[in-house]
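Notes to accompany the following structure.
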Amino acid sequence: MKKKTIYILAGILTLGILVFALSQSTETDAQSAEEIRTASAQKRVFGSSMLAVGTLKPQLGAMVQMDTPGAGVVEEVLVEQGAAVKAGDTLAVITIDGAQQRIKKAELALQMAKLQLEQVTSGPREEEVARARINLEQAENKLQDAKETLSVLKDDEETSSQQLDNAQREVDNADAQYRLAQQQYSLTKNKYTQNDIAQAEARVEQAANDLQEARAMAEQGTITAPIDGVVAELHIYPGAVVSGNSNLIKLIDLNRLIVEALIDETDIIAIEKGQQAAITLDSLDTETLEGTVSSISPLAKNEGGIINYPVIISLDHVAAGFYPDMTAVVTIYLEEPQETLTVPSQAISQSGSKQMVYVLKEDEIYETEVQTGKRSDGYVEIVSGLKAGEKVVINTADENRP
């Protein structure tokens with residue numbers, strides 16, 4: 001009886017030991033499985049690149065500051081800050097001081113100039129010509145009478161020399177009066193010359209130009225948008241009194257932004273126009289935008305003894321939420337980027353002179369030789385040995401690999 005009891009106890013103890021050993025083995029296997037991490041071989045845009053920090057800025061002409069053309073009073077403001085506008089939209093109306101008075105003065109001057117031109121081109125009045133003709137005829141008669149008197153006195157032997165002298169003076173005076181009447185008649189009949197007409201026409205043209213300028217000055221009080229954009233700054237309100245050259249409104253076209261990246265003097269030699277770039281913003285969770293290096297400034301910026309050169313990157317398109325002065329992270333590709341197969345650098349191990357990876361397939365791990373290429377941003381280019389989608393083991397203890 002005692003032997004049977006001992007055998008039963010021994011059997012139970014042995015079973016317990018086996019169960020404990022099996023549970024320990026299963027837990028160890030689970031822990032080992034949990035330690036294995038994998039990543040898929042994926043195609044990525046890959047190429048030698050340079051990382052830089054930049055700032056979003058408006059393109060040349062994409063930010064416009066509008067000022068007052070002269071002193072005046074703001075009558076209307078038709079926009080508010082942040083409003084989207086189109087080129088040609090009326091933004092505000094200002095009554096320019098003295099604009100209407102200048103228009104009235106110019107209109108009166110033009111009217112007078114036109115009247116003078118009409119007078120010159122129409123010639124002298126008929127009554128003026130008739131009066132001049134009568135004066136000429138009278139002077140001619142007086143001259144003829146004076147000549148006849150002088151002739152009679154000369155034929156009379158009793159005429160004294162004093163009488164002859166007096167009669168000659170009368171002839172001379174009558175002749176002078178006659179010549180003056182002839183000249184006056186000619187001037188009256190041909191009162192205005194071609195030069196007079198040309199000068200009158202010039203005065204009309206100048207008066208018309210003055211009126212046009214006065215009206216244009218008044219129209220400048222209507223402030224219109226020169227570009228499509230957003231109202232970035234608004235410094236006026238209805239009833240405000242503004243002086244000449246006061247800042248009124250600033251517009252920015254947010255669809256025409258660029259990135260200015262600062263490149264260290266030791267790296268600028270590698271940057272060339274036309275290189276492709278990728279841009280992201282730390283402040284926004286947006287897609288990566290593409291761009292191109294469009295210009296490289298030859299003038300450096302010295303900030304605390306650090307020499308950087310501004311590099312302008314044109315964006316292919318601008319995403320919503322991009323604003324001037326935002327900080328951008330820029331990757332400039334020093335060579336044309338290409339889509340190639342890559343794996344994380346932790347997946348590559350060295351076996352002698354060979355590059356190896358461990359491929360996880362159907363819960364089994366296989367060691368595979370690969371040919372690698374370039375390395376960038378924690379990834380390695382796989383030239384051969386893997387296919388896209390295959391899972392490779394990363395950060396795994398050596399005992400987990402076959």
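Side notes on the structure shown:
- Among the residues of segment 263-311, those identified as assigned to a loop (DSSP other than H, G, I, E, B) and within 23 Å of residue 325 (Cβ to Cβ) are 271, 282, 283, 284, 285, 286, 287, 288, 297, 299, 300, 304.
Each row is one residue, and each column tells you yes or no for (1) assigned to a helix (DSSP H, G or I); (2) in contact with a Pro (Cβ under 6 Å, 6 or more places away or on another chain); (3) not assigned by TED's automatic domain parsing to the domain that holds residue 242.
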| site | (1), (2), (3) |
| --- | --- |
| 56 | no, yes, yes |
| 70 | no, no, no |
| 73 | no, no, no |
| 80 | no, no, no |
| 88 | no, no, no |
| 108 | yes, no, yes |
| 111 | yes, no, yes |
| 114 | yes, no, yes |
| 117 | yes, no, yes |
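- Some residue of segment 257-268 being under 25 Å from the mean Cα position of the chain (by Cα) and closer than 27 Å to residue 88 by Cα: yes
Residues are listed down the side, and each one gets a yes or a no for (1) out of contact with any helix residue (DSSP H, G or I) (no Cβ under 9 Å at 6 or more places or on another chain); (2) surrounded by 12 or more Cβ atoms within 10 Å (Cβ to Cβ); (3) modelled with pLDDT under 80:
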residue	(1), (2), (3)
89	yes, yes, no
95	no, yes, no
118	no, no, yes
130	yes, no, yes
133	no, yes, no
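- Hits in segment 324-355 (condition: surrounded by 11 or more Cβ atoms within 10 Å (Cβ to Cβ), assigned to a loop (DSSP other than H, G, I, E, B) and either in contact with a Leu (Cβ under 6 Å, 6 or more places away or on another chain) or at pLDDT 90 or above (or both)): 324, 326, 348
- Set 338, 346, 371: member being closer than 30 Å to residue 53 by Cβ and touching a Gly at 6+ places or on another chain (Cβ under 7 Å): 338
- For segment 58-68, the set of residues classified as outside any strand (DSSP E or B) and either on the phi < 0 side of the Ramachandran plot or charged (D, E, K, R) (or both) consists of 59, 60, 62, 68, listed by residue number.
- Residue 248 being of a type outside the set (Phe, Trp, Tyr), in a strand (DSSP E or B), at negative phi and within 21 Å of the chain's Cα centre (by Cα): yes
- Filtered by the rule that a residue be modelled with pLDDT under 90 and exposed (fewer than 13 other Cβ atoms within 10 Å of the Cβ), segment 266-287 gives 282, 283, 285, 287.
- Selection of segment 366-383 for residues being closer than 15 Å to residue 40 by Cα and surrounded by fewer than 18 Cβ atoms within 10 Å (Cβ to Cβ) yields 366, 368, 378.
- For segment 43-53, the criterion of being surrounded by 13 or more Cβ atoms within 10 Å (Cβ to Cβ), modelled with pLDDT under 85, under 24 Å from residue 230 (Cβ atoms) and not polar (S, T, N, Q) is met by no residue.
- Members of segment 306-322 that are of a type outside the set (S, T, N, Q) and at pLDDT 90 or above: 306, 307, 309, 310, 311, 312, 313, 315
- When the residues of segment 288-305 are filtered to those that are touching a strand residue (DSSP E or B) at 6+ places or on another chain (Cβ under 7 Å) and of a type outside the set (A, V, I, L, M, F, W, C), the one that is modelled with the lowest pLDDT is 288.
- Exclusive hit being part of a helix (DSSP H, G or I), of a type in the set (A, V, I, L, M, F, W, C), without any contact (Cβ under 8 Å) to a residue 40 or more places away in the chain and more than 30 Å from residue 94 (Cβ to Cβ), set 134, 197: 134
- Criterion applied to 182, 206 was being assigned to a helix (DSSP H, G or I) and at pLDDT 90 or above, and the one residue passing it is 206.
- Filtered residue count, segment 205-248, keeping only those that are within 22 Å of residue 326 (Cα to Cα) and either in the same structural domain as residue 112 (by TED's automatic domain parsing) or acidic (Asp, Glu) (or both): 2
- Of 140, 157, 201, 148, all but one fail to be more than 30 Å from residue 98 (Cα to Cα), assigned by TED's automatic domain parsing to the domain that holds residue 114 and either of a type in the set (S, T, N, Q) or surrounded by 14 or more Cβ atoms within 10 Å (Cβ to Cβ) (or both); the exception is 140.
- Within segment 238-265, the set of residues being buried (at least 18 other Cβ atoms within 10 Å of the Cβ), touching a Leu at 6+ places or on another chain (Cβ under 9 Å) and over 30 Å from residue 307 (Cβ atoms) comprises 242, 248, 249, 251.
The values are calculated or read from the model by the stated rules, or taken from the named source; none is laboratory data. Note that the structure is predicted; figures quoted are calculated from it, not measured. Quick reminder, even Gly has a Cβ in these numbers, built from the backbone with ideal geometry, and neighbours come from all protein chains shown.
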